[in-house]
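Only one structure is covered here, and it is reproduced in the block below.
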Amino acid sequence: MVSMTRQQAWDLLTKYNQEPFHLRHAITVEHVMGWYARELGYGEEADFWSVVGLLHDLDFERWPEEHCKKSQELMRQEGVEESIIRATACHGWGICVDIKPEHEMEKVLFAADELTGLIGAAALMRPSKSVADMELKSLKKKFKDKKFAAGCSREVIAGGAELLGWELDKLLDLTLKAMQAEEAAIETAVGAI
Ligand SMILES: [Fe+2]
């Protein structure tokens, strides 16, 4: 069980992050992780999954060069529990750290993080500006179009599906469903910043 409250995690996040883009991303991943916890049968750990989602990019706004390393130092200073430190850091596996995702939650974070960015960018292209009416086949097209949201690494997303032992389509489908289910809650939380 996570011993850190959502408020404590939020206070820590906003100590080092002020840019609306980063706060929105943190809130989005927080909600997507909570949805996945419930979906995959880890409902009792949903708060843990959510806090990890909220804090996963803690260092990225100020220390992009030390991503997933500086965050460990910042969290240790604050006495954050090691399971949160490890889970957040390992989403940079193979990119900026050597810590491999092991727990299913860590694999989901690794797989879904970049994908939420791709889905969010695809939503902004739609007249509705929403994920509500987005279909899986349109998301698959955006995934294949390497020029679209080129900053969202297709290799990392595909690698995440592989870590989970899922077909890529399953990861796209579930993450889209997560963002659809959580869209209203995400907008409410972003609006309250
Ligand atoms: Fe992220």
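On inspection, Ala89 fails the criterion of being under 24 Å from Phe148 (Cα atoms) and of a type in the set (Gly, Ala, Ser).
Ala9 meets each of the listed conditions (1) farther than 23 Å from Ile119 by Cα; (2) within 16 Å of the ligand (Cβ to nearest atom); (3) surrounded by fewer than 23 Cβ atoms within 10 Å (Cβ to Cβ) apart from (3).
Residue-wise test of (1) within 16 Å of the ligand (Cβ to nearest atom); (2) of a type in the set (Lys, Arg); (3) on the phi > 0 side of the Ramachandran plot.
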{"residue": "Ala111", "(1), (2), (3)": "yes, no, no"}
{"residue": "Gly117", "(1), (2), (3)": "yes, no, no"}
{"residue": "Ser130", "(1), (2), (3)": "no, no, no"}
{"residue": "Lys140", "(1), (2), (3)": "no, yes, no"}
{"residue": "Phe143", "(1), (2), (3)": "no, no, no"}
{"residue": "Phe148", "(1), (2), (3)": "no, no, no"}
{"residue": "Ala158", "(1), (2), (3)": "no, no, no"}
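Can you name the residue in segment 20-51 that is surrounded by fewer than 23 Cβ atoms within 10 Å (Cβ to Cβ) and of a type in the set (Asp, Glu) and, of all such residues, is farthest from the ligand (Cβ to nearest atom)? Per the stated criteria, the residue is Glu44. Taken together, Gly94, Gly191 contain a single residue that is of a type outside the set (D, E, K, R), modelled with pLDDT under 95 and more than 15 Å from the chain's Cα centre (by Cα), which is Gly94. Just name the residue that is nearest to Lys177 (Cα to Cα) out of those in segment 119-128 that are away from the ligand (no atom under 12 Å from the Cβ) and part of a helix (DSSP H, G or I). This residue is Ile119.
When Thr188 is tested against (1) touching a Lys or Arg at 6+ places or on another chain (Cβ under 8 Å); (2) farther than 25 Å from Ser71 by Cβ; (3) outside any loop (DSSP other than H, G, I, E, B), only condition (1) is not met.
Considering (1) touching a helix residue (DSSP H, G or I) at 6+ places or on another chain (Cβ under 6 Å); (2) farther than 21 Å from Phe21 by Cβ; (3) surrounded by 20 or more Cβ atoms within 10 Å (Cβ to Cβ), the lone condition that Ala112 does not fulfil carries the number (2).
Looking only at segment 52-64, decide whether some residue is of a type in the set (Gly, Ala, Ser), without any contact (Cβ under 8 Å) to a residue 24 or more places away in the chain, assigned to a helix (DSSP H, G or I) and under 23 Å from Gly159 (Cβ atoms).
No: zero hits.
Applying the criterion of being of a type outside the set (D, E, K, R) and within 18 Å of the chain's Cα centre (by Cα) to the residues of segment 76-91, the residue that is nearest to Leu23 (Cα to Cα) is Thr88.
Being within 14 Å of the ligand (Cβ to nearest atom), without any contact (Cβ under 8 Å) to a residue 24 or more places away in the chain, farther than 19 Å from Thr28 by Cβ and part of a helix (DSSP H, G or I) is a condition met by no residue of segment 67-77.
The values are calculated or read from the model by the stated rules, or taken from the named source; none is laboratory data. All of these numbers come straight from a predicted model, not from anything done at the bench. Cβ atoms come from the backbone with ideal geometry, glycine included; neighbour counts cover every protein chain shown.
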